[in-house]
Amino acid sequence: SQKIEQNSEALNIQEGKTATLTCNYTNYSPAYLQWYRQDPGRGPVFLLLIRENEKEKRKERLKVTFDTTLKQSLFHITASQPADSATYLCALGFGAGNNRKLIWGLGTSLAVNP
Amino acid sequence: EAGVAQSPRYKIIEKRQSVAFWCNPISGHATLYWYQQILGQGPKLLIQFQNNGVVDDSQLPKDRFSAERLKGVDSTLKIQPAKLEDSAVYLCASSSLWGEQYFGPGTRLTVT
């Protein structure tokens, strides 16, 4: 069956450390993968997109890797801050042009403690 | 640029009543999505529009849910009649050419 799995347990880390979140999937072949942040009572906010032919993408303190052999993406937040506390969602992307579609994971809750 | 607008933000109805949600996407975004998000889960796609045409409505419970995007801009999602299990947040999103989606604040629906 097709599955997307993110860290099932909430992640608690100390301020200044690197947070690493995982997204594993089975029986999918996504063309790209996206990461979003969601705060309570708000809609998800787009963070990063990585395509199947890319190994790594960076944006400020964020880094995403994508291993299509392992069927895994890792999302890193370096020098974490309490303001990074949120739920992080990965989404597998399919299609192109006008027919793009995302399949979403359940999300991982991250708490950064001061 | 203005973001995705949704209304109302909150709605409480009794089961078997009807409800409608409205969404205005980011200007120029041709693709519009309606999602249902239950607490602790990721968004579940209900329907995807490309301009005013439906691209995917495979997970829309068509016996009670309907959606339209008549002029290819704003959209409405309706539930009639509502069930207890429809209690959730309904998110509207629109996407740019590269596929990243921009979400509205959502409508929290409580069915009692």
Q: In whole Hz, with x marking every Gly and Pro, tabulate ³J(HN,Hα) for the stretch B:60-67 from phi via Karplus 6.51 cos²θ - 1.76 cosθ + 1.60, θ = phi - 60°.
A: 8, x, 5, 6, 9, 9, 9, 8
(Q) Within 10 Å of each Cβ in B:20-26, how many Cβ atoms from other chains are there, averaged over the peptide? (A) 0
Q) Quick one: B:65, B:21, fewest Cβ neighbours within 10 Å first, how do they rank? A) B:65, B:21
Q | the stretch B:100-108 - phi-based ³J(HN,Hα) in whole Hz, Karplus 6.51/-1.76/1.60, Gly and Pro as x | A | 6, 9, 10, 9, x, x, x, 10, 8
Q) Label-point separation (nm) for residue B:51 and residue B:17, each offset 7 Å from Cα along Cα-to-Cβ? A) 3.8 nm
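For B:74, A:67, what ranking results if the residue with the fewest other Cβ atoms within 10 Å of its Cβ goes first?
Details: B:74 15, A:67 12.
Ascending number of Cβ neighbours within 10 Å: A:67, B:74.
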Q: Report the paramagnetic label zone for residue A:106: residues of the stretch B:24-50 whose backbone N is under 19 Å from a point 7 Å from Cα along the Cα-to-Cβ axis.
A: B:36-45
**Q.** Distance cut-off 31 Å, percentage of C-alpha pairs in the protein assembly as shown lying past it
**A.** 22 percent
Q: Might you report the magnitude of the Cβ-based charge dipole of the stretch B:8-112 about its Cα centre, with Lys and Arg at +1 and Asp and Glu at -1, to the nearest 20 debye?
A: 320 debye
Q.
Roughly how far apart, in whole Å, are the Cα centres of the stretch B:2-36 and the stretch A:32-53?
A. 20 Å
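Using the crude model of +1 on Lys and Arg Cβ and -1 on Asp and Glu Cβ, and no other charge, please compute the dipole size for the protein assembly as shown relative to its Cα centre, in debye to 20.
Numbers: 26 positive and 20 negative charges, 49 e Å.
Dipole magnitude for the protein assembly as shown comes out near 240 debye.
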Q | Low-density loop cleavage sites - GluC sites (Glu not before Pro) in the stretch B:17-112, where at most 14 other Cβ are within 10 Å (DSSP) | A | none
**Q.** Phi to ³J(HN,Hα) by Karplus 6.51 cos²θ - 1.76 cosθ + 1.60 over the stretch B:70-82, Hz, x for Gly, Pro
**A.** 4, 9, x, 10, 7, 9, 10, 10, 10, 10, 7, x, 7
(Q) Cut-off under 27 Å on the C-alpha distance; same-chain residues fewer than 8 positions from residue B:78 excluded. Which lysines are left, in chain and number order? (A) A:101, B:11, B:15, B:44, B:62
(Q) I'd like the per residue volume of the convex hull spanned by the Cα atoms of chain B, given in cubic angstrom. (A) 95 Å³
Q: Return, for the Cα atoms of chain A, the radius of gyration and Dmax in Å, separated by a comma.
A: 13.7, 44
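Size of the dipole of the stretch A:29-114 about the Cα centre, Lys and Arg at +1 and Asp and Glu at -1 on the beta carbon, nothing else charged, in debye to 20?
For the stretch A:29-114, the charge dipole is close to 160 debye.
All of the numbers you see were taken from the coordinates with simple rules; none came from a lab. Bear in mind the structure is a predicted one, so any value in this text is a computation, not a measurement. Cβ sites come from the backbone with ideal geometry, for glycine too, and all protein chains shown count toward neighbours.
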